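Notes to accompany the following structure.
The values are calculated or read from the model by the stated rules, or taken from the named source; none is laboratory data. Note that the structure is predicted; figures quoted are calculated from it, not measured. Virtual Cβ from ideal backbone geometry, glycine too; neighbours counted across all protein chains shown. When the accessible area is computed, the model is the full protein with side chains, heavy atoms only, and any ligands, DNA or RNA have been set aside. Shrake-Rupley method; radii C 1.70, N 1.55, O 1.52, S 1.80 Å.
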Amino acid sequence: MSEFFYYQTVPIEFGVGKLQSLPDIIRERGYHKGLLITTKSIVANGIAERVVAESGGLITDFTYGIQPNPTVQNTDDCIEVLRSGKYDFAVALGGGSVLDCAKVTTALAPTTATTQRFFDGEFVLTEPGLPLIAVPTTAGTASEITRVSVLSDPVSGRKRPFNSPFLYPVYALIDPLLTMSCNKKVTASSGIDVLAHSLEALYSKLHQPFTDLFAKHAASLVFRYLQTAYDEPDNVEARTKMAEASVAAGMAFNITQTAAAHACSYPLTEMLDIPHGEACAFTLPNFWVLNAQDEVEGARLQEISRELGFRDAAHLAERVEELKQHLELRMSLQEIGVETDEQLQKIVEASFAPNIHNNPVTLTKESLSAFYKSI
């Protein structure tokens with residue numbers, strides 16, 4: 001008989017036009033003075049000022065400057081603003097980078113710790129930080145409902161995922177209209193990240209019946225709607241369904257955690273500047289086929305491939321490759337900039353993040369090197 005534990009702590013409010021509900025959500029929770037954490041582009045297009053203006057004085061200011069793949073310094077800068085302003089809550093408005101940075105920012109703000117100490121494992125979260133309302137502007141990371149945050153340290157060249165119950169936002173407000181401003185490159189990378197989350201949740205060692213339900217639902221939506229969202233950026237239905245897929249995938253991988261494709265993505269992003277979703281997608285179809293050959297999980301993954309409308313795991317992987325090609329994502333070692341065996345070995349060595357051990361097929365440096373060369 002199956003044994004499992006499923007837990008989702010973040011209230012989710014989802015729907016077209018839901019951003020207008022933000023002031024009511026703040027008032028209902030009894031907050032008084034908030035900081036909006038966002039990006040330069042959201043400030044430039046006027047959304048940040050509109051959110052502040054329409055908050056009825058509940059959000060008093062905003063800060064921005066968070067870069068893709070947020071850094072230790074980005075986070076420390078946000079913490080300084082949050083601490084100095086005596087805020088009692090924050091709102092994160094942006095993509096996964098903003099949400100990840102804001103989650104660590106609000107967790108550390110009430111403490112005396114620096115982000116570097118947290119990054120290096122010298123400081124451990126033991127209690128909730130300031131409340132964070134998460135409002136995503138991309139359909140990709142599902143950071144608004146997970147206990148995971150990923151930060152980079154440019155000094156050491158490391159990128160690390162963090163997993164803590166104290167990184168959960170207190171509320172997720174998801175308005176698909178906010179994703180309409182995403183350009184094609186962001187739509188492609190964030191959308192394929194949803195597929196990576198869902199397929200990795202399905203082959204994760206920690207999968208269970210309810211995560212399988214969410215992951216299969218997410219994958220089916222991506223296969224049906226991502227190409228349309230990419231080709232027709234103003235298609236509200238496609239944008240809404242991709243936002244739904246992102247949330248569903250988050251409901252899965254928040255429990256299962258990610259696995260080998262995500263572990264391998266970190267050096268591709270850090271060393272080669274490949275966007276996160278594209279970096280995950282680079283190995284994703286090959287890992288699906290590899291794991292479908294596992295003695296324990298193989299038959300199950302073949303059956304899931306059929307449930308999703310494919311002949312078998314190899315056929316599903318072919319569809320992922322076709323989708324990547326349509327989205328103009330890089331598909332070979334040469335295209336991503338790997339030119340020498342020495343360079344590849346550095347990538348292989350840096351791929352052994354903890355989540356690589358969540359893969360059903362055990363990987364060694366030798367087998368991973370051969371795996372990369374087969375792409």
Among the residues of the range 259-278, which ones are in a loop (DSSP other than H, G, I, E, B) and surrounded by fewer than 24 Cβ atoms within 10 Å (Cβ to Cβ)?
273, 274, 275
When the residues of the range 97-108 are narrowed to those that are open to solvent by less than 10 Å² (accessible area, probe 1.4 Å) and not hydroxyl-bearing (Ser, Thr, Tyr), which ends up nearest to the chain's Cα centre (by Cα)?
99
Would you confirm, using the coordinates I've provided, whether residue 206 is in contact (Cβ under 8 Å) with a residue 12 or more places away in the chain and either open to solvent by less than 20 Å² (accessible area, probe 1.4 Å) or on the phi > 0 side of the Ramachandran plot (or both)?
no
Restricting to the range 40-72, name every residue that is in contact (Cβ under 8 Å) with a residue 40 or more places away in the chain and under 23 Å from residue 155 (Cβ atoms).
68, 69, 70, 71, 72
Pairing a residue in the range 140-163 that is closer than 19 Å to residue 189 by Cβ with any residue that is open to solvent by 60 Å² or more (accessible area, probe 1.4 Å) and polar (S, T, N, Q), where Cβ atoms lie under 7 Å and the two sit 6 or more apart in sequence or on different chains, gives 148/163
Quickly run through the range 320-344 and pick out the residues that are touching a residue at least 40 places away in the same chain (Cβ under 8 Å) and within 15 Å of residue 188 (Cα to Cα).
320, 323, 324, 326, 327, 328, 329, 330, 331
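Listed here are the residues, each with its yes/no results for (1) at pLDDT 95 or above; (2) touching a helix residue (DSSP H, G or I) at 6+ places or on another chain (Cβ under 8 Å).
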position: 328; (1), (2): yes, yes
position: 331; (1), (2): yes, yes
position: 344; (1), (2): yes, yes
position: 349; (1), (2): yes, yes
position: 353; (1), (2): no, yes
position: 359; (1), (2): yes, yes
position: 362; (1), (2): yes, no
position: 365; (1), (2): yes, yes
position: 370; (1), (2): yes, no
From (1) polar (S, T, N, Q); (2) within 23 Å of residue 18 (Cβ to Cβ); (3) crowded, with 24+ Cβ neighbours inside 10 Å, pick out the condition that doesn't hold for residue 240.
(3)
Tell me, please, whether a residue that is of a type in the set (Lys, Arg), at pLDDT below 95 and open to solvent by 10 Å² or more (accessible area, probe 1.4 Å) can be found in the range 115-128.
no
Looking only at the range 23-54, how many residues end up being over 21 Å from the mean Cα position of the chain (by Cα), over 30 Å from residue 213 (Cα atoms) and among the hydrophobic types (A, V, I, L, M, F, W, C)?
9
Going through the range 151-173 one residue at a time, which ones are open to solvent by less than 30 Å² (accessible area, probe 1.4 Å) and touching a Pro at 6+ places or on another chain (Cβ under 9 Å)?
151, 152, 159, 169, 172, 173
Please go through the range 1-55 and pick out each residue that is aromatic (Phe, Trp, Tyr) and either open to solvent by 80 Å² or more (accessible area, probe 1.4 Å) or within 18 Å of residue 130 (Cα to Cα) (or both).
4, 5, 7, 31
Pair list, Cβ < 6 Å and 6+ apart or interchain, from the range 223-251 residues that are at negative phi and part of a loop (DSSP other than H, G, I, E, B) to residues that are of a type outside the set (A, V, I, L, M) and open to solvent by less than 60 Å² (accessible area, probe 1.4 Å)
235/228
Which one of these does residue 190 not meet: (1) touching a helix residue (DSSP H, G or I) at 6+ places or on another chain (Cβ under 6 Å); (2) free of Cβ contacts under 8 Å to residues at least 40 places away in the same chain; (3) not hydrophobic (A, V, I, L, M, F, W, C)?
(2)
